[in-house]
Amino acid sequence: MGVTVGNGCKIENASFGKNVEIEAFGLGDNVSIKNVRVGDNVIIGNNCRLRSCFIDDNIIIGHDCTVLAKTFIGEGVVIPNNSNLIDGGILVKDVPEEEDYGVDAERDSHYEVRFKHRTGFWKNSNLERRRARTYSNADHACDQTLDKLEVENEETDVMRFFNEVFDSMSQAVENMDSAEHRTSNLILEINSSKLAYNMTMEDVAKNVFLAFLKLECCSELAQIKTLMQDWHHVFTNYYTPHKNQIQLLLALEEHCQTHPEIFKIANHIVHHLYSDCDILQEEAIFEWFKSLNTDSAMYAKIKPIIDWLEQSSDEEEESDKE
């Protein structure tokens with residue numbers, strides 16, 4: 001089953017999943033949908049108005065409802081009749097486990113949550129960059145085909161997450177507000193994208209640094225150091241765990257394979273993140289270095305840092321013995 005649309009609907013720039021029913025009666029523009037992504041098995045009641053929002057799967061929206069821009073409605077939520085949802089809100093069936101989020105209100109069928117540092121979600125984000133996964137209506141012949149499609153969808157979501165993070169970072173660079181304000185907004189937008197695409201923390205850690213390295217202003221070491229200093233709170237927010245530091249280094253390794261100008265300064269970037277920014281720990285650098293091919297150019301590039309770290313460690317041990 002595809003999309004069932006009632007009479008008098010006005011739909012502009014929207015995408016729909018499977019089994020979507022839009023009810024409307026009469027001759028007027030009873031249901032108006034613009035710049036909206038609608039998932040599978042969704043029912044939208046009469047006289048509803050939806051603008052620039054994201055509707056997940058298995059959702060019922062009652063009659064005479066208004067859903068404004070930058071609103072996310074999570075899977076399984078039921079919106080009662082005559083509901084007016086403020087812009088920038090997020091409605092979920094269960095409370096998120098992440099510590100970054102707090103509950104604003106508890107309703108009969110859902111919770112209204114928010115990012116703790118701000119009241120709204122997806123500030124200054126672009127809905128057109130939101131998740132738009134599509135599904136085939138044809139039956140699949142075997143589980144192998146289903147597994148392949150699932151992997152492709154996951155890879156597509158990771159790419160869309162990366163693109164959103166890159167766009168958010170580019171906007172933050174252009175923003176003339178204070179560094180603190182920029183980083184707060186940037187963390188908000190990255191976390192919103194993480195939630196929208198259900199990214200793992202490892203995927204977040206890797207793609208945040210990949211997006212950072214791709215920025216036009218990060219073509220030279222001096223510019224990279226300056227931005228790392230301005231965005232120090234962003235780096236401490238995502239790279240405190242050991243496994244996330246490994247993902248940062250893997251991102252650097254991957255980026256250097258196609259960007260020789262960054263490879264030339266890769267050792268300086270690692271040293272700066274360790275010595276000046278206090279982002280990387282010795283254990284993470286050692287673990288990543290051991291995974292490198294001993295014949296690779298990256299191994300040779302990083303080897304002096306490893307030698308320096310080992311020498312410093314030996315000197316500290318000798319000092320402790322004395």
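The values are calculated or read from the model by the stated rules, or taken from the named source; none is laboratory data. Keep in mind that what you see is a predicted model, and the values were worked out from it rather than measured. Don't worry about glycine lacking a Cβ; one is built from the backbone with ideal geometry, like all the others, and counts go over all protein chains shown.
For Gly102, the conditions (1) in a loop (DSSP other than H, G, I, E, B); (2) modelled with pLDDT under 65; (3) of a type outside the set (A, V, I, L, M) are fulfilled apart from (1).
Apart from one condition, Asn267 fits all of (1) among the polar types (S, T, N, Q); (2) modelled with pLDDT of 95 or more; (3) under 22 Å from Val165 (Cα atoms); the exception is (3). Scanning region 271-306 for residues being surrounded by 18 or more Cβ atoms within 10 Å (Cβ to Cβ) and closer than 12 Å to His242 by Cα gives a total of 5.
What residue, of Ser170, Ser193, is modelled with pLDDT under 95, under 26 Å from Ile73 (Cα atoms) and small (Gly, Ala, Ser)? Matching residue, one of Ser170, Ser193: Ser193. With respect to (1) within 24 Å of the chain's Cα centre (by Cα); (2) assigned to a helix (DSSP H, G or I), the lone exception for Ile302 is condition (1).
The residues of region 173-190 include none that are closer than 18 Å to Val92 by Cβ and at pLDDT below 85. For first residues located in region 284-304 and assigned by the TED database to the domain that holds Asn267, partners that are loosely packed, with under 14 Cβ neighbours inside 10 Å and polar (S, T, N, Q) and lie 6+ apart or on another chain with Cβ distances below 8 Å form the pairs Tyr299/Asn293. Only residues that are more than 19 Å from Ile11 (Cα to Cα), in a loop (DSSP other than H, G, I, E, B) and in contact with a Leu (Cβ under 9 Å, 6 or more places away or on another chain) were counted across region 47-80, and they come to 2. Is it true that some residue in region 235-247 is closer than 22 Å to Gln281 by Cβ, crowded, with 21+ Cβ neighbours inside 10 Å and in contact with a Lys or Arg (Cβ under 7 Å, 6 or more places away or on another chain)? Yes, region 235-247 has at least one match. Tallying residues that are closer than 17 Å to Phe162 by Cα, of a type in the set (Val, Ile, Thr) and surrounded by fewer than 19 Cβ atoms within 10 Å (Cβ to Cβ) within region 179-232 yields 1.
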